[in-house]
1. From the list A:ASP26, A:ASP1, pick out the single residue that is more than 13 Å from chain B (Cβ to nearest Cβ), modelled with pLDDT under 95 and more than 14 Å from the chain's Cα centre (by Cα).
2. Do any residues in region B:94-108 that are more than 7 Å from chain A (Cβ to nearest Cβ) and closer than 18 Å to B:GLN49 by Cβ have Cβ atoms under 9 Å from those of residues that are aromatic (Phe, Trp, Tyr) and not in a strand (DSSP E or B), where the two are at least six apart or on different chains, and which pairs are they?
3. Restricting attention to region B:4-43, which residues are in contact with a Phe, Trp or Tyr (Cβ under 8 Å, 6 or more places away or on another chain) and of a type in the set (Phe, Trp, Tyr)?
4. With region A:38-114 as the region, which strands (runs of 3 or more DSSP E) entirely inside it contain at least 2 residues that are modelled with pLDDT under 95?
5. Name the residues in region A:9-23 that are within 14 Å of chain B (Cβ to nearest Cβ) and surrounded by fewer than 17 Cβ atoms within 10 Å (Cβ to Cβ), would you?
6. Picking from B:PRO7, B:PRO40, which residue would you name as being of a type outside the set (Phe, Trp, Tyr), out of contact with any strand residue (DSSP E or B) (no Cβ under 8 Å at 6 or more places or on another chain) and either buried (at least 16 other Cβ atoms within 10 Å of the Cβ) or within 14 Å of chain A (Cβ to nearest Cβ) (or both)?
7. Of the numbered conditions (1) within 11 Å of chain A (Cβ to nearest Cβ); (2) surrounded by fewer than 18 Cβ atoms within 10 Å (Cβ to Cβ), B:ASN30 fails exactly one; give the number of that condition.
8. Filter region B:92-111 down to residues that are among the β-branched types (Val, Ile, Thr) and part of a loop (DSSP other than H, G, I, E, B) and give me whichever is surrounded by the most Cβ atoms within 10 Å (Cβ to Cβ).
Amino acid sequence: DVKVTQSSRYLVKRTGEKVFLECVQDMDHENMFWYRQDPGLGLRLIYFSYDVKMKEKGDIPEGYSVSREKKERFSLILESASTNQTSMYLCASTGGAGGRGKLFFGSGTQLSVL
Amino acid sequence: LAKTTQPISMDSYEGQEVNITCSHNNIATNDYITWYQQFPSQGPRFIIQGYKTKVTNEVASLFIPADRKSSTLSLPRVSLSDTAVYYCLVGDPQAGTALIFGKGTTLSVSS
């Protein structure tokens, strides 16, 4: 069974802290995505990657960076967390013969920045 | 990038058929139309995908007219457990491009 695993389900951080959100997929997918979800705003794309070491900005990249050193892992970094980054963060992947056309999502990380 | 427009919310009763329409006027030739379902505190999950005409699987049907500028997700005989947010996504998941979601449709099913 396909799996996208996010490192933490809940996370509480202080303003100004550097925060790492990790995502690992076991499907050998080329494409990986980071979204944030806030009430009434749907899913908004932060960054995506279509290959190792490749990254592209989505709609709301400000305040975030990403890293993809290995194909299976895509990390989202908040360089200096702020309260307006309190949100649900969702990682997704797609690609490969078995996953064509389907985005597979992780369970999400609920981040609270105090 | 194709933008999508869906109704914000819909209400239904158990046993009814529900049709949710999505508009995507600037869909590109290589774009597919994919629908996802999301329950609270979970990531979205795939329901159905199509390119043109009609697609049916065990949970839903997807109707796409010839011009592909819209699509309709049809849920037959909904139950309380179908209460969720439904997203229409237009794009080519294999192209290495951004996949932009709209705001989704909140479906509420009552008994």
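1. Values: A:ASP1 fails: more than 13 Å from chain B (Cβ to nearest Cβ).
Every option except A:ASP26 fails the conditions.
2. Correct list of pairs: B:ALA95/A:TYR50; B:THR97/A:TYR50.
3. Once the filter is applied, which keeps residues that are in contact with a Phe, Trp or Tyr (Cβ under 8 Å, 6 or more places away or on another chain) and of a type in the set (Phe, Trp, Tyr), region B:4-43 yields B:TYR32, B:TRP35, B:TYR36.
4. On the way: elements: A:42-49, A:64-70, A:73-78, A:87-94, A:109-113.
Ranges flagged: A:42-49, A:87-94.
5. Restricting attention to region A:9-23, the residues satisfying the condition of being within 14 Å of chain B (Cβ to nearest Cβ) are A:9-10, A:21, A:23.
Across region A:9-23, the qualifying residues are A:ARG9, A:TYR10.
6. On the way: B:PRO7 fails: out of contact with any strand residue (DSSP E or B) (no Cβ under 8 Å at 6 or more places or on another chain).
Testing whether each residue is of a type outside the set (Phe, Trp, Tyr), out of contact with any strand residue (DSSP E or B) (no Cβ under 8 Å at 6 or more places or on another chain) and either buried (at least 16 other Cβ atoms within 10 Å of the Cβ) or within 14 Å of chain A (Cβ to nearest Cβ) (or both) leaves just B:PRO40.
7. (1)
8. Looking only at region B:92-111, we keep the residues that are among the β-branched types (Val, Ile, Thr), and these are B:97, B:100, B:105-106, B:109.
Subsequent filtering for residues that are part of a loop (DSSP other than H, G, I, E, B) retains B:97, B:100.
Values: B:THR97: 17, B:ILE100: 19.
My answer is B:ILE100.
The values are calculated or read from the model by the stated rules, or taken from the named source; none is laboratory data. These numbers were taken from a predicted model, which means no experiment stands behind them. Neighbour counts are summed over all protein chains in view; Cβ atoms, including those assigned to glycine, are modelled from backbone coordinates with ideal geometry.
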